[in-house]
Amino acid sequence: MLDITINEILIELLQFAASIGLDQIPLPMMGVGAGVAAKEYVNLQETLTFAAIFLLGISALFGLGLAFAAKKFSIKEDPRVDQVSEVLAHAHCGACGYAGCRQYAEAVVFDPDVKATLCTPGGAACSEAVARITGKLMEQTEPKIARVFCQGGCTTSSRRFMYEGVKDCRAAILASGGDKSCIYGCLGYGTCFRACPFGAITMSDDNLPLIDIVKCTACGVCAQVCPTNVIEILPTASEVLVTCHSKDKGPVTKKNCQKGCIACGLCEKVCPYNAVKVVDALSRIDLDKCRVCGLCLRKCPTDAIKDFIPLRPKAMVTEKCIGCHACAKVCPVNAVTGELKKLHVVDQDKCIGCGICTSKCPVCVITGTFNYAKVKHEHDEKQAIRKRAKEELEATSPS
């Protein structure tokens, strides 16, 4: 860069002015005694020097004022906000309930009631990092996933009219509630597919959304944009669900959709855990009571109940069996046989992998299926331990 001072610039300007005869600018003389009342010539050097000094002074004054104001009214930010912001997923999906990741980082640092586990796209590693930075108790949360509560695609459901507008569910529903005969079902125009920030949704050949369980982070964006609310965020352990939202009477639902729930009540009668209830012409499964045995879906005449377990494991009785015959009594398909006080056997062709025998075995010698009763008991114990730890932490922390 050229090292040029203000004086050098002024000298150059004066020399240029003198070369063209502007070093002295004559002023017009008007009125009586005008030549005496005012100067007839202006010294250009003095004028430019004064203007430069004046501008420098004003600039310095305003600069000092701004520097003082910035120091006086500055807000010191907690460094933990930046640390939390760095470990978040930065999907800006709104799953945490805040406008963006930065807003959640500020809330989780300054608000003691905001949990460290709200960034679902970040997973368990993100929650652990946030808890470590903020000093909050790390609460174990059950993994969740988006589920689609509709199986009425193009080939299994009817339409009221031909929709020719914008291929978007939110636009289609403005046309008399959508073109689908069932006003509670999926419209199938892919709004959730385009809105998913993780590419976890694809559209099937039957125009129904398919959820990729590996890519889905349960951020909830798809559920927010769905105008018919057929997408819900549920625990991944909820693998037997009534995938229908229709509240129409059975005959109407049967006319509109081949896969809809007709409220026949067969699922309610067969459930061994009283987890299924038919309310308002729609069957619903209580997720707290359900043990994912799958008996209800085998009785459903319309296949409205869907099993998300791709391959159910079969039960097997080990040699430690005491022959109490408890498993044979509870087996819904009579797959267990054996004499009292002798080793029992499970017919693999009949076994449906419901796990009821496993949960009822008093000595826990049946393998192959989940012992849901044992898992639930362990889960309740862990929850109680976490609750006590949280209470102790709150009692010892300063108010």
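Worth a mention:
- Meets criteria (over 26 Å from residue 210 (Cβ atoms) and surrounded by 17 or more Cβ atoms within 10 Å (Cβ to Cβ)) for residue 257: no
- Residue 322 vs. criteria of a type outside the set (Lys, Arg) and either more than 28 Å from residue 213 (Cβ to Cβ) or at pLDDT 90 or above (or both): yes
- Some residue of segment 243-258 being under 25 Å from the mean Cα position of the chain (by Cα) and β-branched (Val, Ile, Thr): yes
- Residue in segment 98-112 that is part of a loop (DSSP other than H, G, I, E, B) and either surrounded by 19 or more Cβ atoms within 10 Å (Cβ to Cβ) or of a type in the set (Val, Ile, Thr) (or both) present: no
- For residue 181, the conditions (1) surrounded by fewer than 21 Cβ atoms within 10 Å (Cβ to Cβ); (2) within 23 Å of the chain's Cα centre (by Cα) all hold with the exception of (2).
- Verdict on residue 155 being in a loop (DSSP other than H, G, I, E, B) and of a type in the set (S, T, N, Q): yes
- Segment 196-214, residues that are small (Gly, Ala, Ser) and either touching a residue at least 60 places away in the same chain (Cβ under 8 Å) or loosely packed, with under 14 Cβ neighbours inside 10 Å (or both): 199, 204
- You will find that of 146, 91, the residue that is under 22 Å from the mean Cα position of the chain (by Cα), in contact (Cβ under 8 Å) with a residue 60 or more places away in the chain and assigned to a loop (DSSP other than H, G, I, E, B) is 91 and no other.
- Residue check, residue 285 within 30 Å of residue 247 (Cβ to Cβ) and under 35 Å from the mean Cα position of the chain (by Cα): yes
- Options 51, 67, 60: the member that is part of a helix (DSSP H, G or I), closer than 30 Å to residue 106 by Cα and modelled with pLDDT of 80 or more: 67
The values are calculated or read from the model by the stated rules, or taken from the named source; none is laboratory data. Note that this is a predicted model, so its numbers are computed, not measured. For neighbour counting, all protein chains shown are included, and Cβ atoms are generated from backbone atoms with ideal geometry for every residue, glycine included.
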